[in-house]
Amino acid sequence: MKKNKILMFAAATLLLASCGGGGGRPTFGDNEYPVLTVGTSSTQMQTTYPAIIKGVQDVQICPKVQGFITQINVKEGQTVSAGQVLFVLDNVTYQSQVRQAQASVNTSEASCNTAKLNFENSQKLFENGVIGDFELKSATNSYEQAKASLSAAQASLASAKEMLSFCYVKSPAAGVVGTLPYKIGTLVNTSTVMTTVSNNSSMEVYFSLTEKDAMNMTQASLGEMPSVQLRLADGTIYNHEGKVTKMSGVIDAATGSVQIIALFPNPEKLLKSGGSGAIVIPRSNSNAIVIPQGCVSEVQDKKFIYLLGEGNKVKYSEIKVDPQNDGKNYIVTEGLKVGDKFVTNGITKLSDGMEIVPITPEKYEQKIKDQAKEMTAGDIVGAMKK
C-alpha cells in the first residue's frame, strides 16, 4: 500500500509539473501565476557554421607531356615525399631523342677540339711570321663557330633530357596521395589530373560568416580570437582545437558572406581533404538576459511572453532572441530589460490584459506539490484521460 501511494504521488507530481509548463497550469482555485524579475547572468553560447576541410597544400598532379601510363608507383592514401616518382609514362621516343642529342654533342665536341688545335697552331705560326693576319682570324672564327655549335648541341641535349624527365611524374610536395582514377595503359595529357597530393599534417577548414559577424570579428586581431572547435560529419567534436588564421578581404556579393580559414593540427590523420563538418565558435556574454523557453510562445516565427504591468495585468509582448540556444533557454536580444517581470508558467491560460495574482516560482512549485498530495487515484486517471 505504501509503495502504491508513493507511485501515485510521483505520478501526480509529474502530471501537475507538466501542466505547469508552457502548455498549462494546475488548478489552484485562484488566479495565481509564477512571476520572475528580469536580471542578467553570464552565459556561454556557441555558433556553428558549415565547413569544408582541405589540406594545407592540395596539389593536383598533371603530366607535362602526353603519353601512356606504364607504371603506377603509389597507392591511394600512401604518404609520399617531395620529388618521389608517382607515375612513369611511355618514354621510348624521348630516350631516342636523348641519344640523338648526345650524339650531336659528341660530334660537336670533336669538331670543337679540332678547331681549337688549328687555332692554337695558327697563333704560333702567326707569332713566328709564317702566316698573316687573315689566316689567324679565319682559324679564330672557325674555333668560335665550333664552340657555338657545341653549346647548341648541349642545349638540345639538356632539353631532350628534360622532356625525358617529364615522363617520370613526381610529387612536388610531401603529402598523402588521393584517388587514382587512371590505370596502366591509359593515355594522359597535360590537362589530365592523375591524382592529388595533400599535405595533411595540418588541415585548413573553410567556412563563411555573415558580413555583420565578420565585422564583429575584425574588431579584434586574428591572434586574439578564441580557439574554435570542429564538429565532424558524424556529430562528434574533433579532439584538437583550431585557430582562425585567415580572413578574406572581399565580401561575396552573391551571398553577403566572408570566407574564413581555421587551421587544425592533424597528427592522427583523422581529417581528410575534401571532408565536411561544422565550425563551432564559442561566445560568452556577462550581461545576458536568459529566460526559460517554456515561458515563450511562438506565433508565425515570432516569439512572445507575458509581461506583468500595472495593476498586475499581463501584456502580451514580442521579444527577439539569439538564434543559437541550448534547447532549454533563450538569450533575449530585444523586448526585455532588467527589472521587467514576466510570467514563467501557465501562459496558455493567459490573455492580453488579464489580471493575475503574482507569486514566486518557489511558491508555485510548493502549491503543485501540495495539490499532488490531495489528488486521488481517480483524479490522476481522469486528468490523464483529458
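The values are calculated or read from the model by the stated rules, or taken from the named source; none is laboratory data. Model, not experiment: these values are computed from the prediction. When we count neighbours, we look across all protein chains shown, and the Cβ atoms used for this are built from the backbone with ideal geometry, even at glycine. Heavy atoms of the whole protein, side chains included, go into the accessibility calculation; ligands, DNA and RNA do not. Shrake-Rupley method; radii C 1.70, N 1.55, O 1.52, S 1.80 Å.
Does LYS147 satisfy being in contact with a Cys (Cβ under 7 Å, 6 or more places away or on another chain), basic (Lys, Arg) and more than 23 Å from GLY77 (Cα to Cα)?
Working: in contact with a Cys (Cβ under 7 Å, 6 or more places away or on another chain): yes; basic (Lys, Arg): yes; more than 23 Å from GLY77 (Cα to Cα): yes.
The answer is yes for LYS147.
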| query | What about VAL56, is it closer than 22 Å to VAL169 by Cα, touching a residue at least 60 places away in the same chain (Cβ under 8 Å), open to solvent by less than 70 Å² (accessible area, probe 1.4 Å) and in contact with an Asp or Glu (Cβ under 6 Å, 6 or more places away or on another chain)? | reply | yes
| Restricting attention to the stretch 330-346, which residues are modelled with pLDDT under 90 and among the β-branched types (Val, Ile, Thr)? | ILE331, THR333
| task | Select from the stretch 230-289 the residues that are part of a strand (DSSP E or B) and of a type in the set (Val, Ile, Thr) and list them in ascending order. | result | ILE237, VAL244, THR245, VAL258, ILE260, ILE261, ILE279, VAL280, ILE281, ILE289
| remark: Filtering the stretch 85-118 down to residues that are closer than 13 Å to SER142 by Cα, open to solvent by 40 Å² or more (accessible area, probe 1.4 Å) and touching a helix residue (DSSP H, G or I) at 6+ places or on another chain (Cβ under 7 Å) yields SER111, LYS116, ASN118
| request: Can you tell me which residue within the stretch 219-237, out of those that are touching a strand residue (DSSP E or B) at 6+ places or on another chain (Cβ under 7 Å) and not hydrophobic (A, V, I, L, M, F, W, C), is modelled with the lowest pLDDT? | output: PRO226
| field | Candidates ALA146, ALA155, ALA160, filtered to the one that is among the hydrophobic types (A, V, I, L, M, F, W, C), crowded, with 17+ Cβ neighbours inside 10 Å and free of Cβ contacts under 8 Å to residues at least 40 places away in the same chain | value | ALA146
| task | May I ask you to list the residues in the stretch 258-311 that are open to solvent by 40 Å² or more (accessible area, probe 1.4 Å) and among the polar types (S, T, N, Q)? | result | GLN259, SER273, SER276, SER284, ASN285, SER286, ASN287, GLN293, GLN300
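I'd like the full set of residues that are surrounded by 16 or more Cβ atoms within 10 Å (Cβ to Cβ) and either free of Cβ contacts under 8 Å to residues at least 12 places away in the same chain or under 16 Å from SER42 (Cα atoms) (or both), limited to the stretch 323-335.
First pass over the stretch 323-335, keeping only residues surrounded by 16 or more Cβ atoms within 10 Å (Cβ to Cβ): 329-332, 335.
Once the filter is applied, which keeps residues that are surrounded by 16 or more Cβ atoms within 10 Å (Cβ to Cβ) and either free of Cβ contacts under 8 Å to residues at least 12 places away in the same chain or under 16 Å from SER42 (Cα atoms) (or both), the stretch 323-335 yields ASN329, TYR330, ILE331, VAL332.
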| Filtered residues of the stretch 242-257 (kept if touching a strand residue (DSSP E or B) at 6+ places or on another chain (Cβ under 6 Å), open to solvent by 50 Å² or more (accessible area, probe 1.4 Å) and not hydrophobic (A, V, I, L, M, F, W, C)) | LYS243, THR245, LYS246
| remark: Log entry, pairs with first residue in the stretch 18-47 being closer than 15 Å to ILE289 by Cβ, second being modelled with pLDDT of 80 or more and among the polar types (S, T, N, Q), beta carbons closer than 7 Å, six or more apart or on different chains, reads LEU36/THR344; THR40/ASN287
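What about VAL314, is it more than 30 Å from THR348 (Cβ to Cβ), touching a residue at least 40 places away in the same chain (Cβ under 8 Å), open to solvent by less than 40 Å² (accessible area, probe 1.4 Å) and part of a strand (DSSP E or B)?
Spelling it out, it is not the case that VAL314 is more than 30 Å from THR348 (Cβ to Cβ), touching a residue at least 40 places away in the same chain (Cβ under 8 Å), open to solvent by less than 40 Å² (accessible area, probe 1.4 Å) and part of a strand (DSSP E or B).
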